[in-house]
Structure formats: structure tokens, C-alpha cells
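Beneath this line is the structure, given in C-alpha cells, with notes to follow.
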Amino acid sequence: MKRTLFPEKLHFVLIMVLALFIGLVGKAQVQAADTIKIASIFAKSGDAAASNLHHFQAVRFAVDEINKKGGLLGKKIELLEFDNYSTPIQSKLAARKAVKAKVDAVIGCAWSSHSIAMASTLQKAKIPMITPDSTNPKVTKKGNYIFRACFIDPFQGEVLARFAKEDLKAETAVVVTKITSAYSLGLGEMFAKYFKQGKGNVLAELEYKDGQKEFSSIVAQVKKLSPDVLFIPGHDESGFIVKQALDASVPAIMLGGDGWAYQQFYSNGGQELKEGYYTNHWSRELDNVKTKEFVASYRKVYELNDFAAVTYDAVMLLADAINRAKSTDRAKIRDALANTKNFEGVTGNISLNEAGDPAKQIVIMKIVNGKAIFSKAVGP
């Protein structure tokens, strides 16, 4: 009987297919290792979506700039974007997706309640996280892998209280906070604390709920108390309170925190302010080289906004740490971030303390006839 060669040929083909498969897998692994994965976690839907769009854009801008210059450690940055749907629980779920995607670091979130929610997940996974503008102190207290590029509320509250007392000569104040917002409650508490320390009188601390747009009862109480200043440390919704207070002829000078810098604050009623003040991370009017260069380059790609610079700085802080670590090992990136000293950002000089927080300047903006202009910068 003549012997067939089919089994030998089949065996050879199977070996070749297996070798090809192993080669493709190996190549894919090498390609994956040739990129540095960074996740950007902000809101693409929900209440924070309109304002958080600017954060996504600023991260893209920074990553594109880095990649055009050759990337980091000879590798390009691979940017992954995740939607936190404007809620704390979805922020945590977005962080879990980032962990599953095996990212090397995370930039986000914007709102403090969102950052607090996802920080625990990233700390457990030992993935470095930098929030651009979550100012509540609880964020970085979640662990030693959590950092921020912005000032914190105790300093912001102190600066605002001192400004109200010394610059505006205010003796009395009313504070109105959002009961579901870690940012609003924390900043309101800090302002009240320091205003009282400066011998000011806080006449009332009032609260409102998430999604509330009608504030007639709160406005009526404020008008009856007739404070020198009305402090509203909220986000977009602060515009509704401002407008309704103006409609009711509340005579107080109105103050806000960095949450007033969102354009939606103005479209909700803030544009009707004849005079008001709020704190911010940066102003395009700052007279320095870094600001002028950033403004010129950013405007070529995206519409310039008040949060672009601090978000850009967050990405560049991470890039600086990776370069100094000379590694994509998460622990080494964390260590490099923790040792950040005198990083020259667009928003100012940044040195991170042992809590992961920077001591940096605050900008006070003045609203004149519905438009914000630079008033002064206050150092740490």
C-alpha cells in the first residue's frame, strides 16, 4: 500500500499556523508596550458635560503636543477617554474601566464629589491620579497615589474671606451651599470659618438641593438678613441664584469660588451681575511668558476657557514625573510625582507636598457688567 504524505503536510501546516499566531500575539504585546496609556475621566453627559468638555479638550491638546515632540521615553501616549455621566457612582465605574484597560495613569475628575468617588478605586489599583481642579481636601486624602494640580478649599476659603473683609470692607455675610456637593459644602465651611476668624459675622448658612432651579425662599431670607456679601460656592446653578437675587433687589455683593468660572454660570444668569467676584486657577490676562505662549497656541485648536490651563498643567505634571522616573512603572511614577518641586506650569509654580497638594497662587476675578476681568493674584 502506497503511503500518503497528507498527515505530514497537515502537521506542518498546523505548526506554521501556531507559529504565526504566537508571532502576532507577541507583536501585539510589543506594540502595546510601545505606548503609554493615560485615561481622561470627566463628564460627557449629564449636568457637568458642557463644562467638562473643556477638560477633555485640554487633555487632548496636551497629549497631542507631547506626542508631536516624540512622546515620553520614546513612546507615544495613547489617550483613553471615559464618561463619568456627571455622578459619583459613575465616576467610580469609569475608574474601574480604566483599571481594566491597564492604564498607566489617570487625569480627572473636575468636580470634587466625582474625584473623591473614583480616587479610592485608583488608590487600590495603585494607579496615579491627578485631578486638575477638584479643590476639596478629601480628594488627596484617599491615598498616596492621588494628586492635584490646583489649590485646595481651605486656602481658597481663606483668600475669599480675607478679600471680603479687607478689600470689600464686609462685616456681614450669608453663605448658600449645595447640600449634595462636597465642593460647595467644603468651600462654604472654609469661607465661614475664616470670615468669623476675621471678626466678620456670618448671619446664616443656607442650603439647596441637587437640580434645584427655584430659590425664592432662600432669596427672601437673604434679602431679609441684608448681608454685605452673599457667598455662593456652587457651579453652573449659582447663576440661577444670582439672577433671582438680583431680580429681588438683594443689595449684597456676590462672591463665588472657582465653580463660577464655567461659561454655564453666565448663561444661567451670571451675565446680569453688575459687580461680583470669584476665585480662579488662572487668567488669560496674566502678564507672563508661559501664559502668552499657551493662549496663542491653544486658541489655534480649541476655544480658550478658564480651565484649559490647569488641565494642561495636570497632564504636563504627569509627563514631567514620567520623564524623571525614566519608567512607566506606576510606583516609580507615583514617587516622582510626590517629589515634584518647582514645576513651572502655566498656572504658576507647583511643588507638591506630602499630601499631594500644591501650594500655589489664586487669581481673583471681578465681574463687571457680566464679564470677568482679572483683579489680583494672591500667593500662598
Looking only at helices (runs of 4 or more DSSP H) that lie completely in region 83-171, which have at least 1 residues being in contact with a Cys (Cβ under 8 Å, 6 or more places away or on another chain)? 88-100, 112-125
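Rundown of residues vs (1) farther than 20 Å from Trp111 by Cα; (2) surrounded by fewer than 24 Cβ atoms within 10 Å (Cβ to Cβ), yes/no style:
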position	(1), (2)
Val219	yes, yes
Ile241	no, no
Trp260	no, no
Gln263	no, yes
Glu275	yes, yes
Val289	yes, yes
Inside region 113-124, can you point out the residues that are more than 16 Å from Arg334 (Cα to Cα) and either of a type in the set (A, V, I, L, M, F, W, C) or modelled with pLDDT under 95 (or both)? Ile116, Ala117, Met118
So how many residues does region 195-207 have that are buried (at least 21 other Cβ atoms within 10 Å of the Cβ) and part of a helix (DSSP H, G or I)? 1
Which of the residues belonging to region 349-370 are modelled with pLDDT of 95 or more and basic (Lys, Arg)? Lys366
Check on Ile89, assigned by TED's automatic domain parsing to the domain that holds Arg330, closer than 17 Å to Arg334 by Cβ and of a type in the set (Val, Ile, Thr): no
Total residues in region 243-258, condition under 17 Å from Ala308 (Cα atoms) and surrounded by fewer than 21 Cβ atoms within 10 Å (Cβ to Cβ): 0
Is it true that some residue in region 350-361 is out of contact with any Phe, Trp or Tyr (no Cβ under 9 Å at 6 or more places or on another chain) and not in a loop (DSSP other than H, G, I, E, B)? no
Cross-chain or 6+ apart pairs with Cβ under 7 Å, region 102-129 first and assigned by TED's automatic domain parsing to the domain that holds Ala182 and in contact (Cβ under 8 Å) with a residue 40 or more places away in the chain, then polar (S, T, N, Q) and part of a strand (DSSP E or B): none
Could you please find all residues in region 101-141 being surrounded by fewer than 22 Cβ atoms within 10 Å (Cβ to Cβ) and in contact with a Leu (Cβ under 7 Å, 6 or more places away or on another chain)? Ala101
Hey, Val174 hits all of (1) surrounded by fewer than 21 Cβ atoms within 10 Å (Cβ to Cβ); (2) not assigned by TED's automatic domain parsing to the domain that holds Val310 but one; which does it fall short on? (1)
Need at least 2 residues that are among the polar types (S, T, N, Q) and under 21 Å from the mean Cα position of the chain (by Cα) per element, so show me which strands (runs of 3 or more DSSP E) inside region 226-294 make the cut, counting only ones lying wholly within it. 275-280
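The values are calculated or read from the model by the stated rules, or taken from the named source; none is laboratory data. What you see is a predicted model; the values in this text were computed from it and never measured. FYI the Cβ positions are ideal-geometry reconstructions off the backbone, even for glycines, and counts take in every protein chain you see.
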